[in-house]
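Colleague: Would you mind keeping the following structure in view while I ask a few things?
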Amino acid sequence: MKSELVFSKYYGEPEAAGLNNYLNNDKGYDALKKALEMTPEGITQMVKDSELRGRGGAGFPTGLKWGFIPKTNKPKYLVVNADESEPGTFKDRAIMNYTPHMMIEGCIISALAIDAHIIYVYIRGEFVREAEVLEKAIEEAYSARYLGNTVCGKDYKLDMVVHRGAGAYICGEETALLNSLEGKRGEPRIKPPYFPAVHGAFGCPTVVNNVETLAAIPGIVREGVDWFKSFGREKNTGMKLFCVSGHVNKPGLYEKPYGYPFMKLIEEDCGGIWKGRKLKAVFPGGSSSPVLTAEELKDVALDFDDLQAAGSMLGSSAIMVMDDSTCMVQVAIRTAYFYYEESCGQCTPCREGGKWLLDLNRRLESGNGKMEDLDLIADICDKIDGKTICAFGEATAWPLRSLVKKFRHEYEQHILEGKCPFGGKAPSWEQ
Amino acid sequence: MKQVQNAIDAEIDKKKRFYPNKEALLLPVLHAAQRAYGWLPHDVMEMVAKSLELPLPKVKQVTSFYTMFYKKPVGECHLQVCNNIACYLRGSSDVIHYIENKLGILPGETTKDGLFTLTEVECLGSCGTAPVIQINDDYFESVSRSDVDKILEAKQ
């Protein structure tokens, strides 16, 4: 498979983040100059033709999203989703740390395409250092006149500002993010309208795009649609950052084309499962994705469509790997605790259901569970799924339902033995 | 308190040109106020409310939603240990117990000398280098026991 490092060329090299490096070694801001000669429709069409899909989780076609922005005299906004809150995801942090100008250039081009004059970068509050790197890079972009009153000398005013979140997973959901940006509690908005394109930030047309999505734009504009589509496969185009964590020998960030074989990534790139153990299960797209067993993963390719066909999702490409010593009920507790803790509390099924799922899994782990608890978990998941304002409901239900479904024997073992068959101990700290 | 007001005013001056209304400045200003004072007691929230011409209950309502806005004082060294799935798989439960034993406090507590606060947090977005501890503004990745020992000794 054709492959090239686009996003992670400077992974681990903070000194590469400066403007000079980007200009001298990466044709920095050449794409912007080209975009300034194009019409907004032309830029959008190019992104549509590239088949670029959003890299925050949903995989929605980026060009199509831009195309929803209505022609109106209202201000329009571009919002960068740098909340990176899906458990297992750590790719946007790397882009912001080591190649911030690629993202900034992508933002400027995207702003031109949708006629936005302000770009907000909504970054999770914990990323203090990343926000600093980004602010420094934005300052450099202002000094070089890529931002400011006259972008590259043209009659186009464009501002960009970093807006820090303050610790809330739900603010990665785009309507919650917009409320948070407006100075409100980060509670998702009721749909419709389904897209912020019409009614977004401050009631105005808004595009919300993920960091990695925007960082892909300069390459498409500069090198062309064919170049971009030469990586990956149909409807899953381009190079992609995969975040691998958990029980592999070499966890970390891996840049591969879409469609890369899952087992190849684990066995070859990540050096296989640690301690000579066997692969047991994986969350392939963050903790919100249904769990897949080793058997199900055998022939899976890493793209949106293949993982969906396998019964899960690529999500934010956050691959959390579990070896055969892992107790899946303990994993369920960690997962349930997360959704219980992070629920914004607006919708009863999510707010109450999350606590029930946590309590039931805790009871099962303690050995005091009953067989009917397993059906109760599935039932609670059914009653959350699709019955909440935002997709947080599904994010709670899908992993927890899949854990019981696929590892039912392990849950039953807890009940029959009256204790955790793994000794009730969490994985140990090696270092 | 003068310092806090100055920090609030400076943040408003620096950021207001980017936003169509004052309400949107609430998160940036709360961050600035907390950085100046250490946490957000009633008086500081009142200053924020007045400076942005917002009702105090509105400020409290927003502050209460976000975990990074502290409603009580935290130690000089705030140890935030991630215990989400990726870190759990790499032994974060042991990390928490190790720090509990070293400092004699449980998650959510602060040592009597006000030096250390221990908090168990959800995913910090650094899962490839688990286990991870965030201490104040910095991440400590792939932490070992000796890393923790060094961090604690340096602060004591």
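The values are calculated or read from the model by the stated rules, or taken from the named source; none is laboratory data. Model, not experiment: these values are computed from the prediction. Every residue, glycine as well, gets a Cβ built from its backbone with ideal geometry; the counts of neighbours run over all protein chains shown. Accessible surface is based on the protein model in full, side chains and every heavy atom, while ligands, DNA and RNA are left aside. Shrake-Rupley method; radii C 1.70, N 1.55, O 1.52, S 1.80 Å.
Colleague: Is it fair to say A:LYS74 is over 22 Å from A:VAL121 (Cβ atoms) and touching a residue at least 60 places away in the same chain (Cβ under 8 Å)?
Modeller: Values: over 22 Å from A:VAL121 (Cβ atoms): no; touching a residue at least 60 places away in the same chain (Cβ under 8 Å): yes.
In short, no.
Colleague: With within 11 Å of another protein chain (Cβ to nearest Cβ) and without any contact (Cβ under 8 Å) to a residue 40 or more places away in the chain as the only criterion, which of A:GLU139, A:GLU187, A:GLU182, A:GLU223 stands out? It would help to see each step written out before you state the result.
Modeller: Values: A:GLU139 fails: within 11 Å of another protein chain (Cβ to nearest Cβ); A:GLU187 fails: without any contact (Cβ under 8 Å) to a residue 40 or more places away in the chain; A:GLU223 fails: within 11 Å of another protein chain (Cβ to nearest Cβ).
Going through A:GLU139, A:GLU187, A:GLU182, A:GLU223 in turn, the sole match is A:GLU182.
Colleague: Quick check on this structure: which one of A:TYR142, A:TYR29, A:TYR120, A:TYR98 is under 24 Å from A:THR175 (Cβ atoms) and either among the aromatic types (Phe, Trp, Tyr) or out of contact with any Ser or Thr (no Cβ under 6 Å at 6 or more places or on another chain) (or both)? Steps first, please.
Modeller: Numbers: A:TYR142 fails: under 24 Å from A:THR175 (Cβ atoms); A:TYR29 fails: under 24 Å from A:THR175 (Cβ atoms); A:TYR98 fails: under 24 Å from A:THR175 (Cβ atoms).
When all the criteria are applied, what remains is A:TYR120.
Colleague: Step by step: first the residues of the stretch B:115-132, then only those that are over 15 Å from the mean Cα position of the chain (by Cα) and not β-branched (Val, Ile, Thr), then the one that is surrounded by the most Cβ atoms within 10 Å (Cβ to Cβ). Which residue is that? It would help to see each step written out before you state the result.
Modeller: Initially, the stretch B:115-132 is screened for residues over 15 Å from the mean Cα position of the chain (by Cα), giving B:125-132.
Okay, now just the ones that are also not β-branched (Val, Ile, Thr), so B:125-128, B:130-131.
On the way: B:GLY125: 27, B:SER126: 27, B:CYS127: 32, B:GLY128: 26, B:ALA130: 28, B:PRO131: 30.
In this case the residue turns out to be B:CYS127.
Colleague: Residues of the stretch B:72-114 being more than 12 Å from every other protein chain (Cβ to nearest Cβ) and touching a helix residue (DSSP H, G or I) at 6+ places or on another chain (Cβ under 8 Å), which ones? Working first, answer last.
Modeller: Filtering the stretch B:72-114 for residues more than 12 Å from every other protein chain (Cβ to nearest Cβ) gives B:72-77, B:79, B:100-114.
B:GLU76, B:CYS77, B:LEU79, B:LYS102, B:LEU103, B:LEU106, B:PRO107, B:THR111, listed by residue number.
Per-residue answers, yes or no, for (1) without any contact (Cβ under 8 Å) to a residue 40 or more places away in the chain; (2) open to solvent by 10 Å² or more (accessible area, probe 1.4 Å):
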position	(1), (2)
A:LYS229	no, yes
A:GLY232	no, yes
A:SER245	no, no
A:LEU253	no, yes
A:ASP269	yes, yes
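Colleague: Restricting attention to the stretch A:71-111, and to residues there that are assigned to a loop (DSSP other than H, G, I, E, B) and closer than 24 Å to A:ASN149 by Cα, which single residue is least open to solvent (accessible area, probe 1.4 Å)?
Modeller: Within the stretch A:71-111, the first condition is being assigned to a loop (DSSP other than H, G, I, E, B), and the residues that meet it are A:71-76, A:83-90, A:99.
With closer than 24 Å to A:ASN149 by Cα added as a condition, the list becomes A:71-76.
Values: A:LYS71: 181, A:THR72: 47, A:ASN73: 163, A:LYS74: 100, A:PRO75: 71, A:LYS76: 18 Å².
Out of the qualifying residues, it is A:LYS76.
Colleague: Among the residues of the stretch A:13-32, write down those that are surrounded by 13 or more Cβ atoms within 10 Å (Cβ to Cβ) and outside any loop (DSSP other than H, G, I, E, B). So that I can check it myself, show each step before the final result.
Modeller: Of the residues in the stretch A:13-32, the ones surrounded by 13 or more Cβ atoms within 10 Å (Cβ to Cβ) are A:16-19, A:21-23, A:26-32.
A:ALA16, A:ALA17, A:LEU19, A:ASN21, A:TYR22, A:LEU23, A:ASP30, A:ALA31, A:LEU32 - these are the residues of the stretch A:13-32 that are surrounded by 13 or more Cβ atoms within 10 Å (Cβ to Cβ) and outside any loop (DSSP other than H, G, I, E, B).
Colleague: Search the stretch A:119-168 for residues being of a type in the set (Asp, Glu) and open to solvent by less than 50 Å² (accessible area, probe 1.4 Å), and hand back the single one that is farthest from the chain's Cα centre (by Cα).
Modeller: First, the residues of the stretch A:119-168 that are of a type in the set (Asp, Glu): A:126, A:130, A:132, A:135, A:139-140, A:155, A:159.
With the extra rule that they be open to solvent by less than 50 Å² (accessible area, probe 1.4 Å), the set shrinks to A:126, A:130, A:159.
Numbers: A:GLU126: 16, A:GLU130: 17, A:ASP159: 25 Å.
It comes out as A:ASP159.
Colleague: Pick from the stretch A:99-132 the residues that are of a type in the set (Val, Ile, Thr) and within 9 Å of another protein chain (Cβ to nearest Cβ): which of them is farthest from A:LEU32 (Cα to Cα)? Break it down into steps so the answer makes sense when it comes.
Modeller: Going residue by residue through the stretch A:99-132, those that are of a type in the set (Val, Ile, Thr) are A:99, A:104, A:108-109, A:114, A:118-119, A:121, A:123, A:128.
Next, from what is left, pick out any that are within 9 Å of another protein chain (Cβ to nearest Cβ): A:118, A:128.
On the way: A:ILE118: 16, A:VAL128: 28 Å.
The extreme case among them is A:VAL128.
Colleague: Scan (1) touching a Ser or Thr at 6+ places or on another chain (Cβ under 8 Å); (2) open to solvent by 80 Å² or more (accessible area, probe 1.4 Å) for the single condition A:TYR10 breaks and write down its number.
Modeller: (2)
Colleague: Take the stretch A:171-201 and flag every residue that is open to solvent by less than 20 Å² (accessible area, probe 1.4 Å) and among the hydroxyl-bearing types (Ser, Thr, Tyr).
Modeller: If the condition is that a residue be open to solvent by less than 20 Å² (accessible area, probe 1.4 Å) and among the hydroxyl-bearing types (Ser, Thr, Tyr), then A:THR175, A:SER180 are the ones that fit.
Colleague: Among the residues of the stretch B:128-137, which ones are closer than 21 Å to A:GLY165 by Cβ and facing chain A (nearest Cβ under 7 Å)?
Modeller: Of the residues in the stretch B:128-137, the ones closer than 21 Å to A:GLY165 by Cβ are B:132-137.
Residues satisfying the conditions are B:GLN134, B:ASP137.
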